[in-house]
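Only one structure is covered here, and it is reproduced in the block below.
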Amino acid sequence: MSPKKSKSQKNILQAPKGMRDLLDDPFYMKQGFYEKAQEIAEYYGFSGIELPILEHEEIFTKGVGDGTDIVDKEMYSLKTKGGDHLVMRPEGTAAAMRAYIEHGMGALPQPVFIYYDGPFFRHERPQKGRYRQFYQFGLEIIGSPKAVLDAITIQTGYQILKESGKDISVKINTLGDTEVRKEYLRELKSFYKKHKNSISQKDLKRLETNPLRVLDSKEADTIAVNEDAPTLIETLNKESKKHFKQVLEYLDAAHIPYEIDNTLVRGLDYYAHTVFEYVTYSEDGETSLALGGGGRYDGLAKVMGHTKDVPAVGLALGVDRIIEIAKEGSFNPKIRKKPKFFFIQIGYEAKAKAFDIIEIMRKKRYPLKHSLSKNNLGKQLAKAEESGIPYALIFGKKEAIDGTVIVRDMRTRKQKTVDIPKLADYIKTLK
Ligand code: AMP
């Protein structure tokens with residue numbers, strides 16, 4: 001009988017659960033997506049920021065809020081040797097606000113537009129489209145309460161998502177301002193207290209920490225009670241209605257299709273006014289997939305311990321899901337060019353000089369493919385043919401001694417011998 005393997009021994013040659021290598025298409029599509037998203041974000045006035053992967057735990061316990069799944073169950077936390085409690089960032093908004101405060105960005109002309117991207121970590125149950133290490137692209141506009149900024153955020157995210165070639169819809173709702181939320185939370189709490197014997201134990205606990213989440217409950221008892229729960233729309237004050245109306249008018253003007261969804265609350269604690277989500281539907285329209293979401297978070301800076309309120313709006317797009325549903329060819333990165341030349345070299349003398357030729361080609365940005373470890377002319381020519389590459393550069397012992405290269409048109413099979421110093425100029429004349 002073989003000795004019993006411990007769990008960690010068994011899985012050591014596999015990435016940890018919910019984490020994976022991105023290779024081939026997913027690698028290049030993620031890169032291509034970032035390039036597209038950054039280009040569009042820059043166009044709309046955003047500037048890039050690289051945020052650290054680790055942050056102080058309180059950034060999220062305060063900023064995202066106890067009582068949310070992210071903070072209660074999903075954070076990867078660690079204690080450093082120095083005794084700091086850090087977490088691997090589960091989201092970007094609270095970290096972006098930390099950066100805004102730390103760098104005194106409040107002294108800059110307001111608002112400040114920033115974007116960021118990279119890996120995020122949540123200890124969730126992995127399934128298709130849900131990973132423990134996943135990738136987001138985020139946008140934040142910090143330092144102004146204006147409704148037009150909610151619309152610019154939604155528009156920028158919408159235009160980025162449309163690059164996937166899929167139909168995108170926006171679901172939108174308002175949570176009202178801080179006053180409305182306070183009043184609504186009071187009403188909601190007293191409503192649930194009246195029904196405390198009819199809702200699940202789990203939701204009774206949630207009621208203490210985050211009553212809005214009870215509205216989102218998946219428990220059958222609570223779902224039944226929720227049918228009569230007070231709605232926030234009834235509590236909205238004049239200011240909040242005006243803000244929401246303006247956002248919708250801007251979206252109309254930008255021709256963005258949206259659907260008002262009063263059940264949309266989003267999991268995070270710091271939202272006020274606008275909340276939204278981008279979804280795409282399956283071909284039959286039966287299932288929807290959330291590709292990203294965001295909202296206004298005017299209350300965040302204060303809950304994180306800042307002395308002033310800092311109104312802000314932002315979003316996060318789920319890169320993993322976007323590249324999974326994108327139409328082929330949507331996100332080709334600039335570094336991936338279709339090769340125009342296949343470089344064939346045969347023998348030691350040629351290989352030793354091959355590096356010079358590769359550098360001539362690279363400096364002129366001629367896309368080149370080569371297999372430096374191969375030595376057989378026929379096999380290399382067949383490979384060039386098979387890959388549909390229009391030209392081959394052939395470089396053998398004779399050419400290496402003469403200081404020439406043979407340029408072969410793969411379609412007509414015509415060849416020309418060119419002096420190495422004239423290679424770049426000759427290539428320029430090719431179609
Ligand atoms: P959130 O920060 O939860 O609002 O997430 C924004 C978007 O990120 C979602 O709409 C998803 O597309 C994506 N996302 C969130 N969590 C995950 C995850 N665990 N795995 C993959 N994508 C995720």
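The values are calculated or read from the model by the stated rules, or taken from the named source; none is laboratory data. The model shown is predicted, which means the values in this text are computed figures rather than measured ones. A quick note on method: Cβ atoms are made from the backbone with ideal geometry, for glycine too, and the neighbour counts reach across all protein chains shown. In case anyone asks, the SASA skips ligands and DNA or RNA and just uses the protein heavy atoms, side chains included. Shrake-Rupley method; radii C 1.70, N 1.55, O 1.52, S 1.80 Å.
So, Lys369, is that one away from the ligand (no atom under 16 Å from the Cβ) and touching a residue at least 40 places away in the same chain (Cβ under 8 Å) or not? Spell out the reasoning first.
Working: away from the ligand (no atom under 16 Å from the Cβ): yes; touching a residue at least 40 places away in the same chain (Cβ under 8 Å): no.
No.
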Q: Go through segment 278-319 and count every residue that is modelled with pLDDT of 95 or more, away from the ligand (no atom under 16 Å from the Cβ) and of a type in the set (Val, Ile, Thr).
A: 1
Q: Six or more apart or on different chains, Cβ under 6 Å: which pairs go from a residue in segment 302-317 that's within 12 Å of Ala99 (Cβ to Cβ) and assigned to a loop (DSSP other than H, G, I, E, B) to one that's open to solvent by 10 Å² or more (accessible area, probe 1.4 Å) and charged (D, E, K, R)? Could you list them?
A: Met304/Lys62
(Q) Every residue in segment 99-123 that is open to solvent by 30 Å² or more (accessible area, probe 1.4 Å), more than 25 Å from Gly32 (Cβ to Cβ) and either in a loop (DSSP other than H, G, I, E, B) or touching a residue at least 12 places away in the same chain (Cβ under 8 Å) (or both), please. (A) Ile101, His103, Gly104, Gly106, Leu108, Pro109, Gln110, Pro111, His123
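Condition check: part of a helix (DSSP H, G or I) and surrounded by fewer than 17 Cβ atoms within 10 Å (Cβ to Cβ). Does Glu42 satisfy that? Even if it seems obvious, please write down each step before you answer.
Numbers: part of a helix (DSSP H, G or I): yes; surrounded by fewer than 17 Cβ atoms within 10 Å (Cβ to Cβ): yes.
In short, yes.
Do we have Asp252 as open to solvent by 40 Å² or more (accessible area, probe 1.4 Å), more than 13 Å from the ligand (Cβ to nearest atom) and in a loop (DSSP other than H, G, I, E, B) here?
On the way: open to solvent by 40 Å² or more (accessible area, probe 1.4 Å): yes; more than 13 Å from the ligand (Cβ to nearest atom): yes; in a loop (DSSP other than H, G, I, E, B): no.
Considered against the rule, which asks whether it is open to solvent by 40 Å² or more (accessible area, probe 1.4 Å), more than 13 Å from the ligand (Cβ to nearest atom) and in a loop (DSSP other than H, G, I, E, B), Asp252 comes out as no.
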Q: Kindly indicate whether any position in segment 151-166 is open to solvent by less than 40 Å² (accessible area, probe 1.4 Å) and acidic (Asp, Glu).
A: no
Q: Would you mention how many residues in segment 342-381 are within 40 Å of the chain's Cα centre (by Cα), assigned to a helix (DSSP H, G or I) and modelled with pLDDT under 90?
A: 1
Q) Could you list, in sequence order, the residues of segment 45-70 that are in a helix (DSSP H, G or I), under 15 Å from Met304 (Cβ atoms) and open to solvent by 20 Å² or more (accessible area, probe 1.4 Å)? A) Glu57, Glu58, Ile59, Thr61, Lys62
Q: Considering (1) in contact with a Phe, Trp or Tyr (Cβ under 9 Å, 6 or more places away or on another chain); (2) more than 25 Å from Ala326 (Cβ to Cβ); (3) open to solvent by less than 60 Å² (accessible area, probe 1.4 Å), say which one Gly32 fails and leave the rest.
A: (2)
(Q) Can you report the number of residues in segment 206-249 which are acidic (Asp, Glu), at pLDDT below 85 and closer than 16 Å to Thr174 by Cα? (A) 1
Q. When segment 124-140 is examined, which residues are found to be surrounded by fewer than 20 Cβ atoms within 10 Å (Cβ to Cβ) and small (Gly, Ala, Ser)?
A. Gly129
Q) Identify, please: which residue in segment 268-306 is aliphatic (A, V, I, L, M) and within 18 Å of Tyr258 (Cα to Cα) and is, among those, surrounded by the fewest Cβ atoms within 10 Å (Cβ to Cβ)? A) Ala290
